[in-house]
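Novice: Let me give you the structure first, and then I'll get to my questions.
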Amino acid sequence: DGVMYLNKVLVSVKPFVSRKLVIKSGTKVIADRACEGCKSLPSVTIPEGVKSIGEKAFEGCSSLKSVTIPEGVNSIGSYAFYNCSSLTSVTIPKSVTSIGERAFYACSSLRSVTISEGVKSIGREAFHACMSLKSVVWNAKNCQDIPHYYGTYGNQIFSNNITNFIVGGSVKQI
């Protein structure tokens, strides 16, 4: 069926897979580059129990419109959803402590992002070049390691096009 697992790791998905991907129960890790370049993949369901989403795991999945990141995922690797140009919204659950650099870079249809309080670090340009991104709800209560949060180039997390930016938690300075 074009999907390969090794023990409890989703290792690879063949680029021709064009159906909804439901990752099997018991999977603990989505490996680096597991679904890279699956241009026809419309949606992904990640089961409870997955702990990490590897680097470039879904890079270039240009038809990916929806992904549910469940509670229990601890990290989202660098470039994990890079250039997923059809992705419209994402919610980062409380269990995620780190979002890698350029994790959602160039997700051009991304309109809203919710970042929960568990996130302690966000890599540079994590949500940069997301030109449709208008709304960010960020409970930055525990965030300790972040580059500049906003701008047009360099180490910023977001681009300048956001119109609704809500920061919660105990943030004292931005």
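Novice: Only one of (1) assigned to a strand (DSSP E or B); (2) in contact (Cβ under 8 Å) with a residue 12 or more places away in the chain; (3) not charged (D, E, K, R) is not met by Pro47, so which one is it?
Specialist: Here Pro47 clears every test but (1).
Novice: Looking only at residues in region 11-28 that are open to solvent by less than 50 Å² (accessible area, probe 1.4 Å) and over 12 Å from Thr45 (Cβ atoms), which one is modelled with the lowest pLDDT?
Specialist: Applying the first criterion (open to solvent by less than 50 Å² (accessible area, probe 1.4 Å)) to region 11-28 yields 11-13, 17, 21, 23, 26-27.
Remaining after also requiring over 12 Å from Thr45 (Cβ atoms): 11-13, 17, 26.
Working: Val11: 98, Ser12: 96, Val13: 96, Val17: 86, Gly26: 97.
Only one residue tops the list, namely Val17.
Novice: Would you confirm, using the coordinates I've provided, whether Ala31 is buried (at least 16 other Cβ atoms within 10 Å of the Cβ) and at pLDDT below 95?
Specialist: So Ala31 does not fit the description; no.
Novice: Cβ contacts < 9 Å: first residue closer than 12 Å to Ser135 by Cβ and assigned to a loop (DSSP other than H, G, I, E, B), restricted to region 94-115; second residue modelled with pLDDT under 95 and aromatic (Phe, Trp, Tyr), any location; separation 6+ or different chain. Result?
Specialist: Listed pairs, sorted by first residue: Leu110/Phe127.
Novice: Oh, and also: Quick check: is even one residue across region 59-73 more than 12 Å from the chain's Cα centre (by Cα), over 24 Å from Leu133 (Cβ atoms) and modelled with pLDDT of 95 or more?
Specialist: Scanning region 59-73 turns up at least one residue that is more than 12 Å from the chain's Cα centre (by Cα), over 24 Å from Leu133 (Cβ atoms) and modelled with pLDDT of 95 or more.
Novice: Being over 14 Å from Ile99 (Cα atoms) and assigned to a loop (DSSP other than H, G, I, E, B) is the filter here; which residues of region 120-142 pass it?
Specialist: Answer for region 120-142, where residues must be over 14 Å from Ile99 (Cα atoms) and assigned to a loop (DSSP other than H, G, I, E, B): Ala129, Cys130, Met131, Ser132, Leu133, Lys134, Lys141.
Novice: Follow-up question, since we're still on this one. Among the candidates Ala140, Ala126, which residue alone is at pLDDT below 90, of a type in the set (A, V, I, L, M) and touching a strand residue (DSSP E or B) at 6+ places or on another chain (Cβ under 7 Å)?
Specialist: Ala140
Novice: Further question: Looking only at region 70-92, how many residues end up being open to solvent by 10 Å² or more (accessible area, probe 1.4 Å), over 24 Å from Ser40 (Cα atoms) and either in contact with a helix residue (DSSP H, G or I) (Cβ under 6 Å, 6 or more places away or on another chain) or not charged (D, E, K, R) (or both)?
Specialist: Matching residues across region 70-92 total 3.
The values are calculated or read from the model by the stated rules, or taken from the named source; none is laboratory data. Source: prediction; values computed, not measured. Cβ: placed from backbone, ideal geometry, glycine included. Neighbour counts: every protein chain shown. For accessibility, only protein heavy atoms count, side chains too; no ligands or nucleic acids. Shrake-Rupley method; radii C 1.70, N 1.55, O 1.52, S 1.80 Å.
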